[in-house]
Structure formats: C-alpha cells, structure tokens
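Written out below as structure tokens is the structure these notes cover.
The values are calculated or read from the model by the stated rules, or taken from the named source; none is laboratory data. A quick note: this is a predicted structure, and the numbers were derived from the prediction, not measured. As a convention, Cβ positions derive from the backbone with ideal geometry for all residues, glycine included, and neighbour counts pool all protein chains shown.
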Amino acid sequence: MASLANVLSPNELTNLVTPIPAAAAAIHNVPDQVASVTPLIGTIVITSQLNYIRAKKLGYDKTNVFSFWMRDAAKHYDAVKAELLKSPGVLDVTRSNQNIVRFGGFTGDNDWDGKEPNTTFIVHCIVIDKDFTSFFKMKMAEGNTFTGAVSDTAHFVLNEAAIKQMGLKDPIGKRFMMQGIKGKIIGVVKDFHYASMKEKITPAVFWYQPQHFSTVYVKTTTKDAKKALAAAGAQFKQYNGEYPFGYAFLDDVFNSLYQSEQREGSLFNYFASIAIFISCLGLLGLAAYTAQVRTREIGVRKVLGASVTRLVGLLAQDFIKLVLIAILIASPIAWFAMHSWLQAFAYRIDLSWWVFIVAGLLAVIIAFATMSFQTVKAALTNPVKSLRSE
C-alpha cells in the first residue's frame, strides 16, 4: 500500500477518484427518473382518493343491498314483500321510485313558509316507503319519518342541506309545497350522499306517494345473496310473465360512478410500471458503465483498505443523489397535476407531504435494488486484476 502511494502523485490519486464521465452520464439519466417518479406519485394519490371514497360514510348502509324494477308486481307489493321475507337470505325489504345511490328527479316547483320572493330552490325528490330510512339505517336529525298513513301524502321529510338553504329554524310543522302538493315538514334526515363525491350534498326531499313506487330494495348477506336473488326473480316472474328479471347491487352502482377515475388509476399504474422499467434499464446501464469507468479507482481503494460495504456505499451514493434530484424535480410537477385532478371532487383527500415521502422512498429502493448487483460485483473484483487491466 505504501509503495502504491509513493508511485502515484496526489494529483494522480485525485484523478483516480473523480469519475467525471460517469457523472456526466448520470445527468442524462435524470429525465428517466423524473418520468418514473411523477406517475408513481400520481398512482399513490389516485389510489388514496378512491380508497377515501370507498371508506367514507355515506349516511346510509348499502352493503349487500340489491334493487329491481317491479313493473306489474308493484300492484302486489305487500304479497311480494311477505314472500321475500320468508325466503332464506332476505333480511329486509323496502321500496321507492328510484335508486338511492344516484338520484335522477329534481324540481324547482316548491314553496314554504318564509320563502323569499323571486328565489329559485332546486331540490332532488324521491318517493320512499315508511320503512325506507330504517332499512338503510339513516339517521333523523329531528322529527320523524312516514308511518304509511294516508295523511303522509301531505307530509315531507327534508335533508339538512335543504333546511339550511331554505333558512328554516324549527322546521317541524312548517308549511311546504312541492309540485302542487301542499303539506308540512314532519322530519329532517341527516345529510347523505346520493350522488358522486364530485358533487356537494344538495337539497333533497322525501315524500310519500304510493302510486309512484316502482323499485324494490332487498337486504341480503354475502353468503345467501344467490338465494335472495332467486327468490326475488321468482316473485318478479310470477307477476311479470316472460319479462326478463334485472337487478343491480348498490355497491356496483356506486362503483360505476367512479369508472373514469378507476380507469385513470389503472392507466397511471400502467404508465408508472413502464416508466419504472425504463428507468431501471437506464440505471442498470449506468451502473455497469460507472463500474467500468471506476475500475481503477475501485482497485486503488481496495488496496488502500476500503471494505466491500464502503465501496458499495461509495458507488451507490451517486445513484441516490441522481434519484433525489429527480424527486425534487418531479414533486412540484406531480403536486400541480394531482392538485388539479383532486379539485374535481367536492369531497377529497388532502395532498399530504407523506405521499411524496413514500414515492421518494420507493424510487430510492427501486434504484438501489437495480444498481446493487453491478456495484457489489464491482466491489468484489480482485484489485490486482483491476489495476492490471488499467
């Protein structure tokens, strides 16, 4: 070791440990790393938002509930319900005139005590049965829901958003009119999501109009869902002859609201995988090139007593610096893109710092795993052969 130090001047030793060509090559690999880190952050954000939507409390319980259109069976609902409740796997039954996951009806034809002149109040309306709120485990903020009495046709149940927008205080018993039907408010239901999370909860009204009931909801279990569907299909065919029986689970209807976001998530996964693969190829090639360029340096350091761990760390630090630079460049780009994407949702996650930390750690781990083979191989090379080759 002493003889080697005597043979080489300080300048020569400095040149041995200054891999300028490798550093220049590393700079050219930065765009590949940026292209891999950016979709990686996007994938994490989109997945987190979709998980947030699935986990968020909707204000009602849609688990293991399916619905079907009654057609002529609507005239025999009481008999249909009685038979369904006898069937294995059927826990409860109720009815309405549309799907609770995605309301379709709305009106501006309304009036109430204290309404300001020349004001417009658009409200979504759904006809429900007396046991609808208990079926879906909905909570009442005040008052009561329908009892099924004839007088309920002149009663209304509004959500909290409607009461707030109307500016009503102590709404129970107040006059309310909708589509020419005059009545009074008997209850206020807590706000619930009846549309996509892209929309804020807006005013909604429940009313009781038996002639408009058209959709049956059936509560079942995961284990007995097939039995419940068979029972519902049998009841449907009994009153509808050869008409095909169609049904939809509310979970599926809910998921369909976010098909475009799910496709975007899949595309981000796809592009992230491709970008990471390409960046790994670049890192692998760069690691091989760096090991070749620094062969002489590695040999000298080993002769001077450097351990394999020390050499691997020395070679790896350049790659880690490369990835860190890519993260610094990719983070603001990804933040801007994901911040804009999240603005489409009225209910969304916060774009937290941990997303970028996790993406950065994954990028570092992937980079280290990619180049470790070449760096370890170079560090284990016999120093005599390394110096002799030079």
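Taking the stretch 141-154 only, how many residues are touching a helix residue (DSSP H, G or I) at 6+ places or on another chain (Cβ under 7 Å) and outside any strand (DSSP E or B)? Give the derivation first.
Going residue by residue through the stretch 141-154, those that are touching a helix residue (DSSP H, G or I) at 6+ places or on another chain (Cβ under 7 Å) are 141, 145-146.
Pick out the ones that are also outside any strand (DSSP E or B) and you get 145-146.
The qualifying residues number 2.
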*Within the stretch 156-174, which residues are part of a strand (DSSP E or B) and either hydrophobic (A, V, I, L, M, F, W, C) or closer than 17 Å to Thr119 by Cα (or both)?*
Phe156, Val157, Leu158
_Go through the stretch 59-84 and report how many residues are buried (at least 17 other Cβ atoms within 10 Å of the Cβ), assigned to a loop (DSSP other than H, G, I, E, B) and not charged (D, E, K, R)._
4
*Looking only at the stretch 100-140, which residues are on the phi > 0 side of the Ramachandran plot and either among the basic types (Lys, Arg) or not in a loop (DSSP other than H, G, I, E, B) (or both)?*
Lys137
*What is the residue count in the stretch 209-239 for residues that are within 29 Å of Val157 (Cα to Cα) and of a type in the set (Val, Ile, Thr)?*
4
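The rows are residues; the columns are (1) loosely packed, with under 14 Cβ neighbours inside 10 Å; (2) hydroxyl-bearing (Ser, Thr, Tyr); (3) modelled with pLDDT of 70 or more; (4) over 30 Å from Gln262 (Cα atoms).
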residue	(1), (2), (3), (4)
Leu286	no, no, no, yes
Gln317	yes, no, yes, yes
Ala334	no, no, yes, no
Phe345	no, no, yes, no
Asp350	yes, no, yes, no
Trp353	yes, no, yes, no
Ser372	no, yes, no, yes
Lys385	yes, no, no, yes
Arg388	yes, no, no, yes
*Does Val123 satisfy the condition of being in contact with a helix residue (DSSP H, G or I) (Cβ under 9 Å, 6 or more places away or on another chain), assigned by TED's automatic domain parsing to the domain that holds Val358 and either buried (at least 21 other Cβ atoms within 10 Å of the Cβ) or at pLDDT below 90 (or both)?*
no
*Criterion violated by Lys184 - all others in (1) touching a helix residue (DSSP H, G or I) at 6+ places or on another chain (Cβ under 8 Å); (2) buried (at least 18 other Cβ atoms within 10 Å of the Cβ); (3) in a strand (DSSP E or B) satisfied*: (2)
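Taking only the stretch 92-108 into account, find how many residues are closer than 15 Å to Phe176 by Cβ and loosely packed, with under 13 Cβ neighbours inside 10 Å. Even if it seems obvious, please write down each step before you answer.
Taking the stretch 92-108 and keeping what is closer than 15 Å to Phe176 by Cβ, we get 107-108.
Then drop every residue that is not loosely packed, with under 13 Cβ neighbours inside 10 Å, which leaves 108.
Selection size over the stretch 92-108: 1.
With Lys198, Lys237 as the choices, which residue is charged (D, E, K, R), surrounded by fewer than 19 Cβ atoms within 10 Å (Cβ to Cβ) and without any contact (Cβ under 8 Å) to a residue 40 or more places away in the chain? Give the steps one after another, and end with the answer.
Values: Lys198 fails: without any contact (Cβ under 8 Å) to a residue 40 or more places away in the chain.
Criteria check complete, one pass: Lys237.
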